[in-house]
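Each remark here refers to the structure printed beneath this line.
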Amino acid sequence: MSLINQVDQDIKQAMLAKQADRLRGLRAIKSALLLARTEKGAAEELTQEAEIKVLQKLVKQRKESAEIYKTQNRDDLYQIEIEEMKVIEPYLPTQMTRFEIEGYLEEVINRIGATSVSDMGKVMGIANKELAGQADGRTISEVVKQLLG
């Protein structure tokens, strides 16, 4: 079952159960997926990688908004962003821990023979491609700097 069909089913269930917070997050997913599918140059059906990128973008937007609302003492809006993020995250692949990322990146660094921060671009290119959906780009970047620095 494609992600959009799964989200449709989950929307129906959330409507029947009258789960307004879950429904809001699911509608955000559906809206983003439909928008991505209708963008200029997009394929008729989104690939799994494209779906993951859309979901990651949604989670990132909510994290950033939640941080802003937290600093502005807007707990009401902060809660909404956190609730939506909790609805979206289960549709993403399981995220790697920082320890797992470090182990993987050490293997990549050894494989390509990276020795200094000047090789960071090479490592990041491979890591971002191979860890798509499993690790946050910011975390990957921090770990690579730490390992090469």
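In table form, for the structure just shown:
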| quantity | calculated |
| --- | --- |
| Gaussian network model of the chain, springs between alpha carbon atoms under 10 Å - residue of A32, A20, A127 with greatest fluctuation | A20 |
| Cα-based reach from K40 at 17 Å (exclusive), listing aspartates and glutamates while leaving out same-chain residues under 8 positions away | E51 |
| Within-12-Å neighbourhood charge of Q56 [Cβ basis; K, R +1; D, E -1] | +2 |
| Shape call, region 3-91: gyration tensor on alpha carbons, a/c limit 1.5 | oblate |
| Candidate aspartates and glutamates for bridging to K86, where Cα separation is under 13 Å - those fewer than 8 sequence places away on the same chain excluded | D21 |
| Computed magnitude of the charge dipole of the chain (debye, nearest 20; Cβ of K, R +1, Cβ of D, E -1) | 360 |
| Simple label model, 7 Å out from Cα along Cβ direction - S2 to K40, nm | 2.3 |
| Residue with peak Gaussian network fluctuation, the chain [Cα springs, cutoff 10 Å], from L131, L33, L55 | L131 |
| Alpha carbon centroid spacing (whole Å) that separates region 2-29 from region 66-121 | 25 |
| Between 0 and 90°, nearest 10: helix 3-16 axis offset from the chain longest Cα axis | 40 |
| Of K18/K60; K18/K70; K12/K129; K60/K145, pairs whose Cα-Cα distance is over 25 Å | K18/K60; K18/K70; K12/K129 |
| Estimated dipole of region 3-91 in Debye, rounded to 20 [Cβ of Lys and Arg +1, of Asp and Glu -1, Cα centre] | 140 |
| Where trypsin sites (Lys or Arg not before Pro) fall in DSSP loop in region 1-67, at most 12 other Cβ within 10 Å | K18, K40 |
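Read the figures in this text as sums done on the coordinates, not as results from a lab. Since the model is a prediction, treat every value here as computed from it, not as a measurement. Note: ideal-geometry Cβ built from the backbone for every residue, glycine included; neighbour counts use all protein chains shown.
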